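Shown next, in structure tokens, is the structure this report addresses.
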Amino acid sequence: MVFLPLLAYAFPPFLAFELSFGLRLLFWTGVMVLALTVTGLARKLMQNNPALLRIPLRDLAYAGLILALFTPSLWLLAWILFTFGGQMAPGAQTVAVYGALLAAGLVFVQRNDPTTAKAAVPKAEQPRLVRRLPPGFDGQIYRLTVRDHNVDVVTSDGIFTLRSRFTDAIAEMELVPGHCSHRSHWVTDAAIVGVEKTGGKTFLKLVNGDLVPVSRKYKPMLEQDGLI
């Protein structure tokens, strides 16, 4: 409540000192609301589209998404307030420059705030299977692999072996989007970063560098869901 009036007093939008203090306050309040809305929407879009998380420059994609959502909204806000105040609204190019600067600031704050620094690569809600891992486990599960009568749980914190049926282990991962790539392998969608083909065989490349084989049985489903 103190910051916004100070901001409105010291920094008129687009250096338009002719705008009244009330319109300046409305502008910066609107910018703050837009910032919260846009970053939340961009984060949700990234979470709901695993393909966006697998592209090489995902941070750049996150920044571009914020810019694409934020700049048109900023231009509309400026146009309304400047028109209402009897001033000439800034041009689209000017707004785009300010929008790029503000969007860059939003991305910087998101990446350096410990509560939201992982927004571009969100960690899925922990599934029931985590209860069977060592106490205090707070990593990410990349894949499940059946071995004899055991299941290897490959995670960011190492590999844990559980005495379990493969189907039961998969069922306990129900909160996490994932796919079977082979009768012995199940992978989380968020862990997939690419596809490699070697000797006529297809492999999913995971974030930890693992190559998981893709069998002919499961390949059509993976293709249909855009994972390969």
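Can you find, within region 91-140, the residue that is surrounded by the most Cβ atoms within 10 Å (Cβ to Cβ) among those that are of a type in the set (A, V, I, L, M) and modelled with pLDDT of 85 or more?
Per the criteria, the residue is LEU129.
I'd like to verify a number: residues in region 146-176 that are under 18 Å from LYS205 (Cβ atoms), surrounded by 15 or more Cβ atoms within 10 Å (Cβ to Cβ) and touching a residue at least 24 places away in the same chain (Cβ under 8 Å), how many?
Qualifying residue count for the region: 1.
Return yes or no: is ARG143 surrounded by fewer than 19 Cβ atoms within 10 Å (Cβ to Cβ) and at pLDDT 90 or above?
No: the conditions fail for ARG143.
For (1) more than 16 Å from LEU36 (Cα to Cα); (2) free of Cβ contacts under 8 Å to residues at least 40 places away in the same chain, each residue gets a yes or a no:
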site	(1), (2)
LEU67	no, yes
THR71	no, yes
LEU76	yes, yes
TRP79	yes, yes
THR83	yes, yes
GLY86	yes, yes
GLY91	yes, yes
THR94	yes, no
VAL97	yes, yes
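Only one of (1) crowded, with 16+ Cβ neighbours inside 10 Å; (2) under 28 Å from LEU133 (Cα atoms) fails for ILE228. Which number is that?
Of (1) crowded, with 16+ Cβ neighbours inside 10 Å; (2) under 28 Å from LEU133 (Cα atoms), only one is false for ILE228: (2).
Can you tell me which condition THR167 does not meet? The list is (1) farther than 30 Å from LEU36 by Cβ; (2) in contact with a strand residue (DSSP E or B) (Cβ under 9 Å, 6 or more places away or on another chain); (3) among the polar types (S, T, N, Q), and all the others hold.
Only one criterion is unmet by THR167, namely (2).
The values are calculated or read from the model by the stated rules, or taken from the named source; none is laboratory data. These numbers come from a predicted model, not from an experiment. Don't worry about glycine lacking a Cβ; one is built from the backbone with ideal geometry, like all the others, and counts go over all protein chains shown.
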